[in-house]
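To start, the structure itself, in C-alpha cells.
Just so it is clear, none of the values below were taken in a lab; they were calculated from the coordinates. Bear in mind the structure is a predicted one, so any value in this text is a computation, not a measurement. Positions of Cβ are backbone-derived with ideal geometry, glycine not excepted, and every protein chain shown enters the neighbour counts.
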Ligand SMILES: Cc1cc2nc3c(=O)[nH]c(=O)nc-3n(C[C@H](O)[C@H](O)[C@H](O)COP(=O)(O)OP(=O)(O)OC[C@H]3O[C@@H](n4cnc5c(N)ncnc54)[C@H](O)[C@@H]3O)c2cc1C
Ligand code: FES
C-alpha cells in the first residue's frame with residue numbers, strides 16, 4: 001500500500017512541499033490539514049498591496065483552490081490538529097477524527113504575539129496582522145484621517161505604517177528598543193528606514209516605554225506612556241513579533257525551544273516527523289536560528305519533498321528576504337546574525353544605499369535599499385562563499401557585477417587535481 | 001484575454017487563456033507550469049519566474065526595466081537575449097498566441 005504523508009498546517013511551506021511532491025510523481029498519498037478555512041496563500045501582500053486594496057483576494061492563493069483535490073490530495077481546511085500520538089503514528093483533529101500517518105510533516109508556521117490583556121491587548125480596535133482573516137477584519141478600519149498607533153518597529157509594523165500612510169491615516173509607531181529593526185538589522189539600515197518613514201509623515205518614537213493601552217467607551221483610545229503622556233489612537237496594530245507554533249510538537253514530546261529543532265534534512269528527533277517553515281529552528285553557521293521568510297518556507301518544503309522521495313540533499317539554501325515600504329524596495333541576501341562590522345555602500349541616487357555585513361573578514365549579508373544590483377550581486381557573491389574587502393564594496397566606483405563575475409570565475413576555474 | 005503557451009524542455013506544453021491584467025508568472029503557477037515558482041509573488045526579488053520568449057514575440061512583451069535587467073543576472077539558468085521575468089509581463093489581447101519556453105535547471 002502507498003505511504004500516507006500527513007501535512008499539518010496549510011501555508012507557504014505546505015504548498016511548496018506539495019508542489020514539489022506532485023511534480024516528483026511520488027506514489028505516496030497526501031493528506032493536508034489546515035486550521036485556516038482557506039487553501040495556502042501568500043502572506044507578504046497582507047501588509048502591502050492587499051491591505052491597500054490593490055490586490056484581489058484570489059490572487060493571494062499560491063495554487064488555485066481546486067488544485068489540491070485535482071492532484072488527488074485529501075484536504076481538510078478549517079480543521080485544527082489537536083494532538084500527535086507518536087507511538088501509534090496517528091494524529092487527532094479537533095473533530096475527533098483520527099488519521100494514521102507513515103510520515104508527518106509539520107508546517108504550523110508562527111503566530112503574531114499579542115499584547116497581554118492586562119495591558120489592553122484585548123480591547124476592540126486592537127489588531128494583529130498574520131492572516132487573511134486579520135486583514136479582512138482590520139482593513140475597513142484603515143480610513144483616511146484616522147489615527148493609527150503601531151506597536152513595534154519590525155518589518156510588519158513598518159510595512160503596515162507605509163500602507164496606512166498611503167491610505168491617508170495619521171501614523172505613530174512606538175518601538176521599545178533603541179531603534180527600529182534592532183533585532184534584524186544594523187543601525188545604518190535602521191537609520192535609512194527611519195528617515196524613509198519620517199519623510200512620509202510617520203512619527204517614530206524609539207526607546208518608547210508604553211505603560212498600557214487606554215480605552216474609552218469600551219474601545220481602545222490610545223496609549224499611556226511611562227512618563228504619563230497619552231498618545232491618542234483610533235486603532236492600534238500590535239507588531240511585536242511572532243512565535244513559532246510548537247504546541248503540537250511539544251505536546252508530542254519533541255523538545256522545542258524557539259521552534260521545532262530539525263536537522264539538515266528538516267527531520268525532527270522523531271525520524272518519521274519532519275518540519276518546515278516558520279515553525280522550525282536549525283543550525284546555520286554554528287548557531288541555531290529560526291527564520292520567518294518565504295524563502296525558508298519554500299526551500300524547506302521543497303527539500304522535504306525531495307528527501308522523502310529518496311534524494312540525498314542537505315539544507316543549505318542562502319536566506320533572502322524582501323520588504324516593500326512606500327516606493328522603497330528593501331532586499332536582503334544572507335543572514336546578518338553574528339556580524340562584527342558593517343560597511344555602507346552609497347547607491348546611485350540619494351534614496352538608494354546598501355549595508356554589507358561582515359563576520360570578521362567574511363561577507364555574510366547585504367541589506368539593499370532601492371539598489372537591486374547590491375542585492376543581486378551581493379547574493380551571488382555570498383552564495384559563492386566569496387569575501388571581497390569592505391573597502392572594495394563600499395567604493396561606489398566598484399562595479400558589483402564585474403566584481404561578482406571575477407570572484408565567481410575564480411571559483412569556477414577547474415581545479416587541476418580533479 | 002490571451003491564449004498563452006508554455007513549452008517545456010521535454011517537449012510537453014501547457015496552454016491557457018489568461019485574463020487581462022494578470023502577470024504571466026501568476027498565470028503559470030495557476031496552470032501548474034513546472035519550474036516557474038514565483039516565490040516573491042512578482043516583486044522582483046527571486047528570479048524564479050524566468051522564461052525565454054519566442055523571438056518573434058519578444059518586443060511585444062514590453063520593456064525590461066533596470067531592476068528586471070539586474071535580476072535576470074541571477075536566474076538559475078543563465079539568461080539569454082530573449083530572457084524575461086514572467087512576473088513582469090502582463091496579459092493583454094496583444095499577447096494572444098504568445099509562446100514561452102520554460103528553462104529547466
Ligand atoms: C503580514 C506579513 C508580511 C510578510 N512579508 C514577508 C515578506 O515580505 N517577505 C518574506 O520573505 N516573508 C514575509 N512574511 C513571512 C512569510 O509569510 C512566512 O515566513 C511564511 O508564510 C511562512 O510559511 P509557513 O508555511 O511556515 O507558515 P504559514 O504560512 O503561517 O502557515 C502555517 C499554517 O499552519 C496552520 N496551523 C498552525 N497550527 C495548526 C494546527 N495545529 N492544525 C492545523 N493547522 C495549523 C496555520 O493556521 C497556518 O495557516 C510575512 C508575513 C506576514 C504575516
Ligand atoms: S516572481 Fe519573483 S521575480 Fe518574478
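Worth a mention:
- For chain A, averaging the sequence separation of C-alpha pairs within contact (under 8 Å, six or more residues apart) and dividing by the residue count gives a relative contact order of 14 percent.
- Rg ratio for the protein assembly as shown: its Cα radius of gyration over 2.2 N^0.38 Å, N being its residue count, equals 0.99.
- Stokes-Einstein translational diffusion, region A:94-159 - Kirkwood Rh over all Cα pairs, 1.567 mPa s, 4 °C, in µm²/s: 85
- Rg(Cα)/(2.2 N^0.38 Å) for region A:327-412, N = residue count: 0.98
- Here the label points at residue B:16 and residue A:385, each 7 Å from Cα along the C-beta direction, are separated by 3.9 nm in the simple model.
- Label-point separation in nm, residue B:76 to residue A:250, each point 7 Å along Cα→Cβ: 3.7
- Every helix of 4 or more DSSP H residues in chain A counts as -39500 (n - 2.57), and over all residues that averages to -7000 deg cm²/dmol at 222 nm.
- Centroid-to-centroid separation of region A:286-344 and region A:14-88 [C-alpha atoms, Å]: 21
- Here, region A:114-240 yields an orientationally averaged convex hull projection of 7.4 nm² when only Cα atoms define the hull.
- Euclidean distance of C-alpha centroids, region A:267-284 and region B:75-102, integer Å: 37
- For the residues A:158, A:213, A:106, a GNM of chain A with alpha-carbon springs under 10 Å puts the largest fluctuation on A:213.
- Set of region A:281-298 residues, backbone N closer than 15 Å to the point 7 Å along the Cα-Cβ line of residue A:183: A:281, A:289-293
- Global form of region A:182-224, assessed from the alpha-carbon gyration tensor, a/c cut-off 1.5: prolate
- Tail beyond 17 Å, pair distance distribution of region A:183-326 (Cα, percent): 72
- Diffusion coefficient (Stokes-Einstein, Kirkwood radius over C-alpha pairs, 10 °C, 1.306 mPa s) for region B:2-102: 120 µm²/s, rounded to a whole number.
- Here the gap between residue A:28 and residue A:102, fully extended at 0.36 nm per residue and compared with their Cα-Cα distance, gives a gain of 25.7 nm.
- Using the Cβ-Cβ distance between residue A:114 and residue A:52 with R0 set to 22 Å, the FRET efficiency from 1/(1 + (r/R0)^6) comes to roughly 0.35.
- Taking the square roots of 5 times each eigenvalue of the Cα gyration tensor of region A:1-151, largest first, gives ellipsoid semi-axes of 34, 20, 11 Å.
- Unit Cα scatterers, Debye sum, region A:80-130: log10 I(q)/I(0) for q = 0.23, 0.26, 0.30 Å⁻¹: -0.83, -0.96, -1.14
- Spacing of the two label points (7 Å from each Cα toward its C-beta) at residue A:311 and residue A:406, in nm: 3.5
- Highest-MSF residue in chain A out of A:18, A:98, A:364 [GNM, Cα springs under 10 Å]: A:98
- The Cα atoms of region A:264-364 cover 52, 32, 21 Å along the three principal axes, with the biggest extent listed first.
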